[in-house]
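**Q** Provided herewith is a single structure, encoded as C-alpha cells, for subsequent inquiry.
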Amino acid sequence: MTYDPIFWNHYMDQNFSKINKKIRNYFPNDTDLAEEAISFTLERISAKLKQYDPKKWKSPDAYIFACIPWEIKHFKEKYFGRFRPPKSLVKMNNLLWIETYRLLCINKMSENEIIEYLKTNSMIRIKIEKIEEAITVVKEKYPNCIKELKEISDADDNNFTNNSDTKNPETEVIDHQVKMFIQMITSNDQSYIPQNIPVFKMIHKIAKKIKPEHKTFLRLIFENGLNRREAGEKLGWNADQSNGVYRRLMEKLAPLKTYLKDLFED
C-alpha cells in the first residue's frame, strides 16, 4: 500500500473523536494540557502516516494505536523534561518498580493496562504476581502521584486493536526496559544516575565505551523514531554501515539484557 493522502484524510476525519478521546485520557485533569497534547500528537502522527506498512501492521487502527503512546511520551518529555524517577525509588534498585512508576504515575495507565503492557512489550516473561506487587509498592510509597489518577476503561479502546503490535514502529524488537537504559546511556547529563548500584555502574561503564557519534545514532532511533537507515543517513552512513554500527551497539548492551533476565525471569 503506497501512501494515499485521500484515504488517510478520510480515516483521520472518521476516527478523530476516538483518537481525541484516547489522547485526553492521558491528561484527565488538565484540559489545556490535553489540547496541547492533541495538537502535538496529531501533527506527529500525520507526519508518520507515510511510514505505515500493511505487511507489518494488522490495520491502520493498530498502527495509530501504537503511535499515540509513543508521541505522548515525546510530548511529556518536551513539556515536563525527560523522565527521571524519584531518587528514593532508584535507590531501591528494582527496575520493575521504576518502570511501573513511569507507567502508573507518568503515563497514567490503569492497573490492567500496565499488566497487559508489561506482558506484551517485555522481551522476558514477568510473573503477573510480580507486576501486581510492583503496582502495590508504587501506590503505597507514592500516593500523591496517583491521587487523581483516572482509570481508563477497556471500553475506551473498543475501536482499536490492543495486541503485540502496540510497540513503537521501527523499534519493536527492543523492550522498554532497555530503551530506558539507552536513554540514560545517551544522556549528556548523567549526574542524576547513581554510581553505587550495580546496574547503574554498568550503565556508566557502557556509556564511556560509546562514541558521541554513536550516541547520536541511538538518540535518532530511540528518541526521534527514525529507523536505522534514516538515522545512519543523517550521519552520512550507508545502510551496511548503519546496520553494522547498530549490531555492535546492541552487543555492548547485551549485559543489560542479561541483567534483566536474571532479575525478572521465572
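The values are calculated or read from the model by the stated rules, or taken from the named source; none is laboratory data. In this text, all values refer to a predicted model and were calculated from it rather than measured experimentally. Don't worry about glycine lacking a Cβ; one is built from the backbone with ideal geometry, like all the others, and counts go over all protein chains shown.
**Q** Could you say which residue among ASP262, ASP189 is at pLDDT below 65, surrounded by fewer than 13 Cβ atoms within 10 Å (Cβ to Cβ), out of contact with any His (no Cβ under 8 Å at 6 or more places or on another chain) and not in a helix (DSSP H, G or I)? Quick ask: steps written out before the conclusion?
**A** Working: ASP262 fails: not in a helix (DSSP H, G or I).
So the residue among ASP262, ASP189 that is at pLDDT below 65, surrounded by fewer than 13 Cβ atoms within 10 Å (Cβ to Cβ), out of contact with any His (no Cβ under 8 Å at 6 or more places or on another chain) and not in a helix (DSSP H, G or I) is ASP189.
**Q** Is one or more of the residues making up the range 86-95 crowded, with 16+ Cβ neighbours inside 10 Å and under 27 Å from ASN227 (Cα atoms)?
**A** yes
Table: residues versus (1) modelled with pLDDT of 80 or more; (2) under 19 Å from the mean Cα position of the chain (by Cα).
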{"residue": "LYS22", "(1), (2)": "yes, yes"}
{"residue": "ASP30", "(1), (2)": "no, no"}
{"residue": "LYS55", "(1), (2)": "yes, no"}
{"residue": "ILE72", "(1), (2)": "yes, yes"}
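**Q** So, in the range 12-24, exactly how many residues are closer than 24 Å to TRP57 by Cα and crowded, with 16+ Cβ neighbours inside 10 Å? Before you say what the answer is, go through the steps one by one.
**A** Filtering the range 12-24 for residues closer than 24 Å to TRP57 by Cα gives 12-23.
Okay, now just the ones that are also crowded, with 16+ Cβ neighbours inside 10 Å, so 12, 15, 18-19, 22-23.
Going through the range 12-24 one residue at a time, the tally reaches 6.
**Q** Can you tell which of GLY236, GLY232 is exposed (fewer than 14 other Cβ atoms within 10 Å of the Cβ) and at pLDDT 85 or above?
**A** Numbers: GLY232 fails: exposed (fewer than 14 other Cβ atoms within 10 Å of the Cβ).
After ruling out the rest, the residue left standing is GLY236.
**Q** Would you confirm whether or not the range 91-106 contains a residue that is in contact (Cβ under 8 Å) with a residue 60 or more places away in the chain, over 21 Å from PHE222 (Cα atoms) and touching an Asp or Glu at 6+ places or on another chain (Cβ under 9 Å)?
**A** No, the conditions are met nowhere in the range 91-106.
**Q** Just to be sure before I move on: is LEU49 within 20 Å of the chain's Cα centre (by Cα) and modelled with pLDDT of 85 or more in the structure I sent? Lay out the reasoning, then the answer.
**A** On the way: within 20 Å of the chain's Cα centre (by Cα): yes; modelled with pLDDT of 85 or more: yes.
Criteria met by LEU49.
**Q** Taking the conditions exactly as written (more than 30 Å from LYS201 (Cα to Cα), surrounded by 14 or more Cβ atoms within 10 Å (Cβ to Cβ), out of contact with any Phe, Trp or Tyr (no Cβ under 6 Å at 6 or more places or on another chain) and touching a residue at least 40 places away in the same chain (Cβ under 8 Å)), does TYR3 satisfy them or not? Give the steps one after another, and end with the answer.
**A** Numbers: more than 30 Å from LYS201 (Cα to Cα): yes; surrounded by 14 or more Cβ atoms within 10 Å (Cβ to Cβ): no; out of contact with any Phe, Trp or Tyr (no Cβ under 6 Å at 6 or more places or on another chain): yes; touching a residue at least 40 places away in the same chain (Cβ under 8 Å): yes.
In short, no.
**Q** Separate question: Looking at (1) in contact with a Phe, Trp or Tyr (Cβ under 9 Å, 6 or more places away or on another chain); (2) modelled with pLDDT under 80; (3) more than 20 Å from PRO85 (Cβ to Cβ), which is the one condition that is false for ASN224?
**A** (1)
Listed here are the residues, each with its yes/no results for (1) surrounded by 15 or more Cβ atoms within 10 Å (Cβ to Cβ); (2) at pLDDT below 75; (3) out of contact with any strand residue (DSSP E or B) (no Cβ under 7 Å at 6 or more places or on another chain).
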site: MET180; (1), (2), (3): yes, yes, yes
site: PRO198; (1), (2), (3): no, yes, yes
site: ALA207; (1), (2), (3): yes, no, yes
site: PHE217; (1), (2), (3): yes, no, yes
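Every residue, every condition in (1) in a helix (DSSP H, G or I); (2) within 30 Å of LYS139 (Cβ to Cβ); (3) outside the structural domain of ASP4 (by TED's automatic domain parsing); (4) of a type in the set (Gly, Ala, Ser), yes or no:
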{"site": "LYS50", "(1), (2), (3), (4)": "yes, no, no, no"}
{"site": "PRO54", "(1), (2), (3), (4)": "no, no, no, no"}
{"site": "TRP57", "(1), (2), (3), (4)": "no, no, no, no"}
{"site": "TYR63", "(1), (2), (3), (4)": "yes, no, no, no"}
{"site": "TRP70", "(1), (2), (3), (4)": "yes, yes, no, no"}
{"site": "ASN93", "(1), (2), (3), (4)": "no, yes, yes, no"}
{"site": "CYS105", "(1), (2), (3), (4)": "yes, yes, yes, no"}
